Every structure is written in C-alpha cells, then in structure tokens.
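Worksheet for the structure shown next.
Every number here is computed from the coordinates shown, using simple stated rules; none is lab data. Owing to the predicted nature of the structure, the values given are computational and were not obtained by experimental measurement. We place every Cβ from the backbone using ideal geometry, glycine too, and count neighbours over all the protein chains shown.
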Amino acid sequence: MHELSIAQSLFEAVQIQAHEHKASRVNSVRLRVGEASGVVTDSLLFCFEMLISLDPVLEDAQLLIDRIPHRAWCAICAQEFPILYGIPQCPTCTEWSGNILSGTELQLLEMEFEANDEISQAQEA
C-alpha cells in the first residue's frame, strides 16, 4: 500500500509549508492525480486523514483530489483520445501512440491555510 508513503510525504510537505507561513490552521490541500498514476484515492484519503489527526494545525484539513483522465494523441488522425485499460491505441485508426498527454501525474497543487486570522494560499508549480 504505497498510498501510506504518499500520504506521509504529503503530510510532511504540508507541515513544512504551514510552519514556514506560521499557519494556525490548514483548511485544504489540493492534489492532481492521474487515472494511470496507480494511486487508489480512497486509500490515500484514509491515510491522509489518519496522519493529520496527529497534528492540531492540520487536523481539520480537507484533501481535495482532481482526477485527471488518461489521454493520448494520435499523430495519424491528429486527435486526442482516451486510453482505455492502459492501451494507447487510437479508436479511429487503431494506430498505437506513444504520445501520452495526461493521466500519469501526481502533483501537489495548492494548500489553503489560516495565518493571523487571514486565509492564505500556497501554490506549488
């Protein structure tokens, strides 16, 4: 269950940012998770909720997950198509594509926290 190690890394990254910005409370953390990333989002949510209960600054934080579809580009048809069952084959011309556009990402996008009664936002690039 690698979701626990992902949640642990996420928890530590949020703790560092909260400390650097002198946050009194973390409201939310937003992730971008691709369909083909291998991450089971329910397990990740469970692990994250377990970990944030250990830190009073993070204990009420919501983990918001943006699911990104697994998509590719067909150079023959010049069109984008969904990758089904992990097979990047164009449904129109049946050519195989190595041009994966999305669906493999796992990215911390932003976190919202309160510092000195203000709501602040830290964004990762």
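Pairs of alpha carbons in the stretch 32-92 separated by more than 12 Å make up 73% of all such pairs.
Normalised by the number of residues in the chain, the mean separation of alpha-carbon contacts (under 8 Å, six or more apart) gives a relative contact order of 32 percent.
In terms of overall dimensions, the C-alpha atoms belonging to the stretch 1-120 reach 57, 30, 16 Å along their principal axes, ordered largest to smallest. Near residue 71: Cβ cut-off under 10 Å, other residues only, Lys/Arg at +1 and Asp/Glu at -1. The net charge is -2.
With helices as the sole contributors, the chain gives -8000 deg cm²/dmol at 222 nm; each DSSP H run of n ≥ 4 counts as -39500 (n - 2.57), and the sum is divided by every residue.
Distance between the C-alpha centres of the stretch 9-42 and the stretch 53-104: 20 Å, rounded to the whole angstrom. Fewest-first ordering of 5, 102 by other beta carbons within 10 Å of each residue's beta carbon gives 5, 102.
Got a sec? How would 50, 111 order by Cβ neighbour count within 10 Å, fewest to most? Numbers along the way, then the final one.
Numbers: 50 12, 111 26.
Ordered from fewest to most neighbouring Cβ atoms within 10 Å, 50, 111 come out as 50, 111.
The trypsin sites (Lys or Arg not before Pro) of the stretch 13-73 that DSSP puts in a loop, and whose beta carbon has at most 13 other beta carbons within 10 Å, are 22. Relative to the longest principal axis of the Cα atoms of the chain, the long axis of helix 41-52 makes an angle of roughly 20 degrees.
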